[in-house]
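Remarks on the structure that follows.
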Amino acid sequence: MAERKARPITIITGQFGDVPSDELFAKLQEIGYDGAELACGTDHFDVRRCLNEDGYCEAKKAQLEKYGLKCWALSNHCVGQGVLDQIDERNLTVIPEYLRSDDKEQVWKNCAEEMKLTAKAAKKFGASVVTGFTGSSIWPYLYSFPPVPQEWIDNGFKLLKERWTPILDVFAEEGVKFALEVHPTEIAFDIHSAQLALEALDYHPAFGFNFDPSHLIWQMVDPVKFIRRFQDRIFHVHMKDAALQLDGENGILGSHLPFGDYRRGWEFRSVGRGNVNFEEIIRALNDANYEGPLSVEWEDQRMDRWFGAKESFEYVKKVAFPKNVDVVFDAQFAK
């Protein structure tokens, strides 16, 4: 009987955006990664060059192959955020300069067009998924005081449909999936809001989720329940950890304390060092027949990132067992 092949282990490159591609890819090969989830807007992947520059795609593929790496997904989180957000200086610092404008409406339009181009670039490059954010026009109204009319919330989901459906139509035309990373500050940040987003988009076939348990666990949402609710919409998976540090003085809202401050009520942690139960997540992903990559997203403010990238790979390799599809264990006694 042939041994079941494990899912590929990749890493999203956004947290290494300052590291030149050759240096980063060589390091990933040394650690043992199978591939990289390339972050757009960095030296790692350029959407416009992919579409407009002869030979760029081929050269980027060759560069990955040189180090024994593949790419199953592109990441364009910050640009996606700009499609639906209430634009301010924070957005303008993280999107490419050519998308910026003093006119907020123009920023929304620019980011929407860039996401359409990202779908086309992914198709050309051979990546089947684009991970990212949608932004949210209603996130500032999370706590309803002064009282927020329900109509405002409803309009936020209507705006999601208005701005994102044309983008998703391009994804569908290109045969590429968009995987929203369910995350505070996005239109979907837990199970119920994810359901509302699906309904608002009329269950668009190109729209699904980049499952990331770290953003659920600190909200005290069960990541396994998320997988089981949306198992046919899990298009990509981030392996990322977080730890609750509630001590009676803090809470889950962060206390206006920066990441790395030990007084925070929660922190992102290197994979395997937080509260996420990855074994149960792997079992749920196996039940859902998820066969895509397991992509490490490394964030731990109090740990060296190369140490973290290496230990995260080793942890995921150890915990990510393949699904049993052939053997009923107790039936073997009859043999």
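Sort 178-188, 164-174 by the packing proxy (mean of other Cβ within 10 Å over each peptide's residues), most packed first.
The densest-packed peptide leads the list: 178-188, 164-174.
What list of ³J(HN,Hα) couplings, whole Hz, do you get for the stretch 124-137 from phi and the Karplus terms 6.51, -1.76, 1.60, once you set θ to phi - 60° and write x for glycine and proline?
5, 7, x, 8, 8, 9, 10, 8, x, 10, 9, x, 7, 7
Which percent of Cα-Cα pairs in the stretch 1-107 sits in each 5 Å bin, short to long?
In whole percents, the pair-distance histogram is 2, 11, 19, 19, 15, 12, 9, 6, 3, 1, 1, 0, 0.
To check you understand DSSP bridge types, tell me what percent of the beta bridges within the chain (both residues inside) are antiparallel, rounded to 5.
Of those bridges, close to 15 percent are antiparallel.
Take the stretch 1-54, compute every pairwise Cα distance, and split them into 5 Å bins from 0; I just need the percent in each bin.
4, 18, 23, 20, 14, 9, 6, 4, 2, 0
Place +1 on the Cβ of every Lys and Arg and -1 on the Cβ of every Asp and Glu in the chain, take the dipole about the Cα centre, and give the residue among PHE259, VAL316, GLN106 whose Cα lies farthest towards its positive end.
Ranked along the dipole, the leading option is VAL316.
Could you work out the helix-only [θ] at 222 nm for the chain, with each DSSP H run of four or more residues adding -39,500 (n - 2.57) and the total divided by the number of residues, to the nearest 500 deg cm²/dmol?
That calculation yields -12000 deg cm²/dmol at 222 nm.
In nm, what is the difference between 0.36 nm times the number of residues separating LYS66 and VAL94 and their Cα-Cα distance?
Contour length minus the Cα-Cα distance gives 7.1 nm.
If you average the C-alpha positions of the stretch 285-321 and of the stretch 126-164 separately, how far apart do those two centres end up, in angstrom?
29
Collect residues whose amide H, placed 1.01 Å from N in the peptide plane, falls under 5 Å from the amide H of ALA188; neighbours closer than 5 in sequence don't count.
Those qualifying (amide H under 5 Å, at least 5 residues apart or on another chain) are HIS183.
FRET efficiency for ASN52 and ASP202, Cβ-Cβ distance as r, R0 = 35 Å, nearest 0.05?
0.60
What are the ³J(HN,Hα) couplings of the stretch 217-229, residue after residue, when phi is run through the Karplus curve with 6.51, -1.76, 1.60 and θ = phi - 60°? Round to Hz, x for glycine and proline.
5, 6, 7, 6, 9, 6, x, 5, 5, 4, 4, 5, 6
How big is the charge dipole of the chain about its Cα centre, in debye rounded to the nearest 20, if each Lys and Arg gets +1 on its Cβ and each Asp and Glu gets -1 on its Cβ?
My answer is approximately 800 debye.
What's the extension gain from ASP287 to LEU257 if we count 0.36 nm per residue and subtract their Cα-Cα distance?
Computed gain between ASP287 and LEU257 is 6.9 nm.
Sorted by mean Cβ packing within 10 Å, highest first, what order do the peptides 287-296, 39-48, 315-324 take?
Ranking, from highest mean packing down: 39-48, 287-296, 315-324.
In whole percent, what relative contact order does the chain give with Cα contacts below 8 Å and a gap of six or more residues?
Value for the chain: 16 percent.
Could you bin all the Cα-Cα distances of the chain into 20 Å bins starting at 0 and give me the percent of pairs in each, rounded to whole numbers?
So the P(r) values, bin by bin, are 30, 60, 10, 0.
Just the number, please: percent antiparallel of the DSSP beta bridges in the stretch 8-120, rounded to the nearest 5.
In the stretch 8-120, DSSP labels about 10 percent of beta bridges as antiparallel.
Every number here is computed from the coordinates shown, using simple stated rules; none is lab data. For clarity, every value in this text was computed on a predicted model and none was experimentally measured. So basically every Cβ, Gly included, is an ideal-geometry build from the backbone, and we count neighbours across all protein chains shown.
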